[in-house]
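Below is one structure, written out as structure tokens; the observations come after it.
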Amino acid sequence: MFQPSCKRDGIEGQILDLDTAVKDGVLGGVDSGVVGTGVGEKLDLGRMIEELDLCEVPSVFICPISLEPMQDPVTLCTGQTYERSNILKWFSLGHFTCPTTMQELWDDSITPNATLYRLISTWFSQKYLVMKKRSEDVHGRVLELVETLKKVKGQARVLALKELHQVVSVHATARKALVDGDGVSVVSALLGPFTSHAVGSEVIGVLVSLNLDYESKRNLLQPARVSLMVDILNEGSIETKINCTRLIETLIEGKDFQLETFRSHSLLVGLMRLVKDKRHSNGICPGLRLLRTVCLHSEVKCLLVSIGAISQLVELLSGLEPECLELALSILDALASVPEGRLALKDCSNTIHVMVKLLMRVSENCTQYALSILWSVCKLAPEECSLIAVEAGLAAKLLLVIQSGCNPILKQQSAELLKLCSLNYSDTIFISKCKLTRTIQ
């Protein structure tokens with residue numbers, strides 16, 4: 001929705017009326033000529049409004065009813081101006097008042113506001129032509145940079161890539177120009193076993209901004225290029241690490257990617273370093289998303305367990321935001337599907353206490369993951385783990401889940417886990433463990 005405000009020389013102000021707007025010149029230079037491109041082409045106002053999609057438009061251009069820029073402004077006898085279609089709809093609903101002032105209309109005629117229409121058209125056409133010129137300049141510059149990259153090496157190549165990285169990260173026109181031409185193949189070709197990290201970081205920054213097609217992805221999945229991405233993930237800046245993570249995630253979205261390419265100890269270590277980096281929390285979610293994707297395969301799960309990921313993830317849980325917490329729990333739940341993962345969860349001293357605490361705390365998905373992990377651990381060592389879980393308040397939490405509005409499957413799992421835990425207690429003692437006050441305390 002457009003915000004009825006304007007800026008002039010860095011100062012925000014509300015335009016009160018048309019006379020003030022013209023007098024103060026806040027609408028920009030206007031002339032009495034035909035609105036167009038300068039070569040006789042008349043610009044369509046509706047198309048300009050749609051393509052520009054500006055957040056800030058002078059308030060005199062905004063229809064008080066729709067809060068959108070007017071394309072056919074008309075004025076009532078009260079002096080208020082509206083978009084024609086909006087005020088006619090107002091009348092069709094049986095209203096014979098001015099929507100802004102709520103005055104009854106003594107004259108139901110509407111008068112086209114030609115002056116305002118001319119100002120609106122001129123203002124938008126000026127913005128539109130500037131945008132078009134900038135787009136053409138950006139498009140041309142992208143093509144120039146691609147040609148430059150074919151010829152230069154060393155520091156000149158790094159500088160050209162830096163500029164290209166900046167341009168494509170800001171302008172959709174630049175991204176389209178790069179994809180439509182042979183830009184993607186030129187940039188991708190710069191990744192190889194002998195590529196410096198300075199060049200590789202900028203290449204990855206460019207590629208992660210693009211909508212890559214199947215052939216481009218397949219080209220980037222060559223082992224030497226993936227190996228370089230993993231190296232940069234382990235040694236680059238935080239921005240580069242996040243870009244690497246997102247690019248790799250994009251590359252493996254397809255169903256036919258080669259798992260062997262990403263079954264890498266270095267990749268998993270790099271991702272764990274990223275999610276544990278408390279100084280740069282913006283890398284946690286991207287890292288967890290990629291970990292969740294690659295650990296869908298049993299070979300990767302075992303490798304992830306072997307590098308100590310379970311105890312590290314459990315330790316992270318208490319400080320994570322809800323989105324990241326759900327991702328981390330989903331990874332731990334996936335790791336619990338292999339014997340090595342279940343054993344590591346059982347051996348981690350905090351697993352049970354943390355999972356019990358998370359039940360009914362954040363979201364239904366988090367509760368489901370935590371419950372599934374608890375079931376895996378307690379099923380593995382019923383006597384040992386069930387006792388710890390019940391003492392941590394699990395029984396009362398499970399009763400809460402059963403009595404809540406959660407889905408039936410979650411309630412059934414809670415009932416089964418409650419039954420498993422009760423086997424180690426007499427009825428009287430177990431009932432005392434189910435008291436909610438114990439859990440709250």
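The values are calculated or read from the model by the stated rules, or taken from the named source; none is laboratory data. Computed from a prediction, not measured in an experiment: that's the story for all the values here. In this analysis, Cβ positions are derived from the backbone assuming ideal geometry, glycine residues included, and neighbour counts consider all displayed protein chains. Remember, those area values only see protein heavy atoms, side chains included, never the ligands or the DNA or RNA. Shrake-Rupley method; radii C 1.70, N 1.55, O 1.52, S 1.80 Å.
Using a probe of 1.4 Å, the accessible surface attributed to LYS127 totals some 90 Å² when neighbouring protein chains are kept in position.
Given a Förster distance of 25 Å, report the FRET efficiency between GLN166 and ASN219 from their Cβ-Cβ distance, rounded to the nearest 0.05. Please list the in-between numbers first.
Details: r = 24 Å, r/R0 = 0.96.
With a Förster radius of 25 Å, E is 0.55.
Summary of packing: across the peptides 94-100, 339-345, the per-residue average of other C-beta atoms within 10 Å ranks them, highest first, as 339-345, 94-100. Each other residue within a Cβ distance under 13 Å of GLU364 adds +1 if Lys or Arg and -1 if Asp or Glu, for a net charge of +1.
Using Cα pairs under 8 angstrom and six or more residues apart, how large is the relative contact order of region 316-389, in percent? Can you show the working numbers first?
Working: 57 pairs, mean separation 24.5, N = 74.
With pairs under 8 Å counted, the relative contact order is 33 percent.
Taking every protein chain into account, the 1.4 Å probe leaves ARG225 with about 30 Å² of accessible area, to the nearest ten. In this rough spin-label picture, where each label sits 7 Å from Cα along the Cβ direction, the GLU321-LYS276 distance is 2.3 nm. For the residues TRP90, TRP123, a 1.4 Å probe over the protein chains yields an accessible-area ranking, largest first, of TRP90, TRP123.
Could you grab the relative contact order for region 261-386? Cα pairs under 8 Å, six or more apart, rounded to a whole percent. It would help to have the intermediate numbers written out before the result.
Details: 127 pairs, mean separation 26.8, N = 126.
Value for region 261-386: 21 percent.
Give me the number: length gained by fully extending CYS77 to ALA114, i.e. 0.36 nm times residue separation minus the C-alpha to C-alpha distance, one decimal in nm.
Details: separation 37, 0.36 × 37 = 13.32 nm, distance 1.56 nm.
So the extension gain works out to 11.8 nm.
Extending 7 Å from Cα along the Cβ direction at ASN365 and again at GLU299 yields two label points whose distance is 2.8 nm. The H on the amide N of VAL57, modeled in the peptide plane, is under 5 Å from the matching H of GLN3, SER5, each at least 5 residues off or on a different chain.
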